[in-house]
């Protein structure tokens, strides 16, 4: 067993819940879940639970250090997207490339780097530069965002002007050419800085930015594209790549999250269990994914 005591942060999210469910298949792994919400579902699925302060609290980093010591944590799995800066300063075995995670979190810096590396990315500018927009519709999102919160489609210059008058001086937004076509997420496994494999899945239906129904496809061309992206950006840990297929075999990057995606369990169900592989180092968990359509449903857990 590579890691015995594994910490799962943001235990209420779909990524954390998926990881806990997969890790609990092994009797040799002990899962410790942590969240600021005492009713986060993952707390009650894991072997042990810890309620911690929010990432904005001055006691956040100390609480994480205490959890690490109390439970003799061997590894912190990449299930989180909040608190990257304070977490990066905690001395622990985080299985995440913090440098890439922080870079990709800043959507403007990320898009500029992709452009510099000749990776396909929609034209991206700050909201303050909206008068230079040449075509509509536009897609507006926060420069530092979480999920699909505060995302807007703007279909005309008149709408853009009204939006700018409301938010231009209040929020840090970027605006991009609106992407159309099949929407794909790719779970990408990277170990010691080297690309291992990728599992593409096409979103059939989403709810609040999270996949509900997906089609997992052994799409070699998209897997190769994912490898090129990893090498170009030098991402050294697992990540989730989100692209639109704007034409047959032509992909444009929407964003990258340097962590497991919220739909990581879909890859496991299709035969490529990156979570269990990361915990054990056993390559029996890694194989080419089977083509299948998967529907997600709610599951209840008793909290008290």
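Things worth noting here:
- Each residue in the range 108-152 was checked for being loosely packed, with under 13 Cβ neighbours inside 10 Å and under 18 Å from the mean Cα position of the chain (by Cα), and 4 of them qualify.
- Scanning the range 180-203 for residues that are outside any strand (DSSP E or B) and surrounded by 14 or more Cβ atoms within 10 Å (Cβ to Cβ) yields one hit, 181.
- Of everything in the range 204-234 that is assigned to a strand (DSSP E or B) and out of contact with any strand residue (DSSP E or B) (no Cβ under 8 Å at 6 or more places or on another chain), the residue that is surrounded by the fewest Cβ atoms within 10 Å (Cβ to Cβ) is 207.
- Selection status of residue 68, in contact (Cβ under 8 Å) with a residue 12 or more places away in the chain, surrounded by 15 or more Cβ atoms within 10 Å (Cβ to Cβ) and farther than 25 Å from residue 286 by Cα: yes
Residue-wise test of (1) over 30 Å from residue 285 (Cα atoms); (2) touching a helix residue (DSSP H, G or I) at 6+ places or on another chain (Cβ under 8 Å).
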{"site": "138", "(1), (2)": "yes, yes"}
{"site": "144", "(1), (2)": "yes, yes"}
{"site": "154", "(1), (2)": "yes, yes"}
{"site": "169", "(1), (2)": "yes, no"}
{"site": "173", "(1), (2)": "yes, yes"}
{"site": "176", "(1), (2)": "yes, yes"}
{"site": "195", "(1), (2)": "no, yes"}
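- Residue that is part of a helix (DSSP H, G or I), out of contact with any strand residue (DSSP E or B) (no Cβ under 9 Å at 6 or more places or on another chain) and under 21 Å from residue 188 (Cβ atoms), where the choices are 85, 109: 109
- Selection from the range 38-54 of residues that are out of contact with any strand residue (DSSP E or B) (no Cβ under 8 Å at 6 or more places or on another chain) and either at positive phi or assigned to a loop (DSSP other than H, G, I, E, B) (or both): 39, 53, 54
Bear in mind that the values in this text are calculations on the coordinates, not laboratory data. Keep in mind that this is a model prediction, so the values were computed, not measured. So basically every Cβ, Gly included, is an ideal-geometry build from the backbone, and we count neighbours across all protein chains shown.
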